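The values are calculated or read from the model by the stated rules, or taken from the named source; none is laboratory data. Quantities reported herein were computed from a predicted structural model and do not represent experimental measurements. Here the Cβ positions follow ideal geometry from the backbone for every residue, glycine too, while neighbour counts run over all protein chains shown. These area figures cover heavy atoms from the full protein model, side chains too; ligands, DNA and RNA do not enter into them. Shrake-Rupley method; radii C 1.70, N 1.55, O 1.52, S 1.80 Å.
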Amino acid sequence: MSLPVAAPVLFFDSGVGGLSILAPARALLPHMPVVYAADRAGYPYGTKTEAEIAARVPALLGRLVERFRPRIAVIACNTASTIALSAVRAALDIPVVGTVPAIKPAALSSKTRVIGVLGTEATVRQPYVDRLAAEHGADCIVLRHGSADLVALAEAKLRGQPVDPAIARDALAGLLDQPGGDRMDTVVLACTHFPLVEQELRAASPRPLNFLHGGEGIARRIAYLNADAPWPEEPQPGIAVFTRMDPDVAALKPALRQFGLVQSRSL
Ligand code: DGL
C-alpha cells in the first residue's frame with residue numbers, strides 16, 4: 001500500500017530534547033512533514049525505572065501512530081531507546097529509528113582513548129550502553145555520568161529562562177573528576193536534551209573537548225528508509241503534540257517555531 005504524501009515522520013521524546021534530532025533531519029529533508037510528540041505527562045524519563053519506561057513508551061507510541069499515521073517513527077530519546085527500542089519495534093508496523101549513545105564515532109575519533117558518556121541516570125546504567133562500549137570502545141576507558149539537572153537546564157533554556165552555568169560545570173565535572181577523566185578528549189551527548197545546551201557545556205569546559213551526538217546519522221537513516229516514497233513538493237508546517245498541556249507549553253512556543261513547529265495540540 002502506498003503512503004499518502006502528507007504522511008509525517010513522528011519524532012518522540014519526553015520533552016524538548018528531540019528537537020536536537022529534528023533539527024539535522026529538517027536540514028537534510030526540508031519538505032519532510034513532522035509531528036513532534038513530547039510526553040510532558042511522563043517527563044522526566046531519566047529518573048524513572050526501567051519498568052516505568054517499558055510500560056509507558058510502547059503504548060504511547062502505539063497511540064501516536066494510530067492517531068497520526070506516520071511513515072517512520074523516530075524515538076528521539078536515548079533513555080526510551082536504550083530501554084524500550086525493541087519493544088516499540090515489536091509493537092509498531094512502521095520503521096522505527098532509535099537514538100542511542102554515539103559511542104562508535106567517539107571511539108573512532110578519540111586520541112586519548114578516554115571517552116565520556118553524559119546522559120540521563122537511566123541511560124548511563126543500561127546494558128545497551130555496556131554493549132556499545134564493549135563493541136566499539138573495547139580499548140577505551142568509557143566514563144559515564146547521569147545528570148537530571150542538565151535536562152532541566154535545556155528545558156528552561158528553550159522556555160527562554162536564564163541558564164545557570166554551574167549546572168553545565170557540575171555535569172562535566174561528573175566525568176572529569178572520575179579516574180582517567182583528566183585524559184578525556186571526547187564527550188558523547190547521550191541525552192537528546194544535551195546538544196541544546198552544548199554551547200553552555202563548551203563554555204563550562206576547563207579545556208577544549210570534542211562533543212558528539214548522533215543527530216546527523218539519524219537524519220541520514222530517515223532519508224534512507226524513505227528513499228522510495230516521495231516527500232511533499234513544499235515545506236510543511238510542523239505539529240507539536242503534548243501528552244499534557246500546561247503553562248510551560250505557551251513559553252516553549254517561540255522555540256518550537258524555530259524548529260518549524262507552528263501548531264501545538266494535546267494528544
Ligand atoms: N531526552 C531524553 C534522553 O535522550 C530524556 C530526558 C528526560 O526526560 O530525562 O534521554
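Taking all protein chains as present, what is the carbon and sulfur share of the accessible area of region 10-112, in % to the nearest whole number, probe 1.4 Å?
Looking at region 10-112 in its full context, I get 56 percent from C and S.
Which residue, Leu212, Leu225, Leu201, tops the fluctuation ranking in a GNM of the chain built on C-alpha contacts under 10 Å?
It is Leu225.
Over all directions, what mean area does the Cα convex hull of the chain project, stated in square nanometres?
13.4 nm²
May I ask you to give the solvent-accessible area per residue for region 209-254, in square angstrom, as obtained with a 1.4 angstrom probe?
57 Å²
Roughly how tilted is helix 148-158, in degrees to the nearest 10 and between 0 and 90, from the longest Cα axis of the chain?
50 degrees
Using a simple charge model, +1 on the beta-carbon of Lys and Arg, -1 on the beta-carbon of Asp and Glu, nothing else, what dipole does region 100-158 show about its Cα centre, in debye to the nearest 20?
Here region 100-158 has a charge dipole of around 180 debye.
Projecting each Cα onto the charge dipole of the chain (Lys/Arg +1, Asp/Glu -1 at the beta carbon, about the Cα centre), which of Ala41, Val65, Trp231 comes out farthest on the positive side?
Final value for the positive-end residue is Trp231.
Using the alpha-carbon atoms, what tilt in degrees (0 to 90, nearest 10) does helix 19-28 show relative to the longest principal axis of the chain?
Rounded to the nearest ten degrees, it is 70.
Could you tell me the relative contact order of region 25-108? Use alpha-carbon pairs under 8 Å, at least six residues apart, and round to a whole percent.
For region 25-108, the relative contact order is 27 percent.
Can you run phi through the Karplus equation (6.51, -1.76, 1.60; θ = phi - 60°) for region 79-86 and list ³J(HN,Hα) in whole Hz, with x for Gly and Pro?
3J(HN,Hα) across region 79-86, in whole Hz: 4, 5, 5, 5, 9, 10, 4, 5.
Using the Karplus curve 6.51 cos²θ - 1.76 cosθ + 1.60 with θ = phi - 60°, what ³J(HN,Hα) values do you get for each residue of region 102-112, in whole Hz, with x for Gly and Pro?
7, 6, 4, x, 5, 5, 5, 9, 5, 8, 7
Dipole of the chain (Lys/Arg Cβ +1, Asp/Glu Cβ -1, origin at the Cα centre): which of Gly260, Gln178, Asn210 lies farthest to the positive side?
After comparing all options, I get Gly260.
With the chain treated as a Gaussian network of Cα nodes joined by springs under 10 Å, which of Ser14, Ser86, Ser147 yields the largest mean-square fluctuation?
Maximum fluctuation in the GNM of the chain, among the listed residues, is at Ser86.
Give the carbon-plus-sulfur fraction of the accessible surface of region 130-217 in %, rounded to a whole number; probe 1.4 Å, heavy atoms of protein chains only.
50 percent
Under a point-charge model restricted to the Cβ atoms of Lys and Arg (+1) and Asp and Glu (-1), what is the dipole moment magnitude of region 102-196 relative to its Cα centre, in debye to the nearest 20?
Once rounded to the nearest 20, the dipole reads 220 debye.
Starting with the highest mean, order 228-237, 23-32 by the number of other Cβ atoms within 10 Å, averaged over the residues of each peptide.
My ranking of the peptides, most packed first, is 23-32, 228-237.
Would you mind checking region 123-166 for residues with the amide N under 13 Å from a putative spin-label position 7 Å along Cα→C-beta of Thr112?
Counting only backbone N, you get 141-143.
Tell me, what ³J(HN,Hα) does each residue in region 63-74 have, in order and in whole Hz, if you take phi through Karplus 6.51 cos²θ - 1.76 cosθ + 1.60 with θ = phi - 60° and put x for Gly and Pro?
Along region 63-74, the couplings run 5, 5, 5, 4, 6, 10, 6, x, 7, 9, 10, 10 Hz.
Modelled label-to-label distance, Glu198 and Asp164, 7 Å Cα→beta-carbon offset: nm?
Going by the 7 Å Cα→Cβ label model, 2.6 nm.
Distance from a point 7 Å along Cα→Cβ of Glu50 to each backbone N in region 120-148: keep the residues under 15 Å and list them by number.
So the set is 121-132.
Going by average Cβ neighbours within 10 Å, how do the peptides 52-59, 149-156, 132-139 rank, with the highest at the top? Before the final figure, lay out each step's value.
Details: 52-59: 18.0, 149-156: 22.1, 132-139: 15.4.
Answer by packing, highest mean first, reads 149-156, 52-59, 132-139.
List the residues, sorted by chain then number, that are 5 or more residues from Tyr36 or on another chain and whose placed amide H is less than 5 Å from its amide H.
Phe11, Ile239, Ala240, Val241
Enter the angle in degrees (range 0 to 90, nearest 10) between the Cα long axis of helix 165-176 and the first principal axis of the Cα atoms of the chain, meaning the one along which they spread out most.
60 degrees
Farthest toward the dipole's positive end in the chain, which of Ser147, Thr123, Met245, given Cβ charges of +1 (Lys, Arg) and -1 (Asp, Glu) about the Cα centre?
Checked the options; the winner is Met245.
If you put +1 on each Lys and Arg Cβ and -1 on each Asp and Glu Cβ, how big is the dipole of the chain around its Cα centre, in Debye rounded to 20?
300 debye
With an 8 Å cut-off on Cα pairs and a minimum separation of 6 or more residues, tell me the relative contact order of the chain in percent.
27 percent
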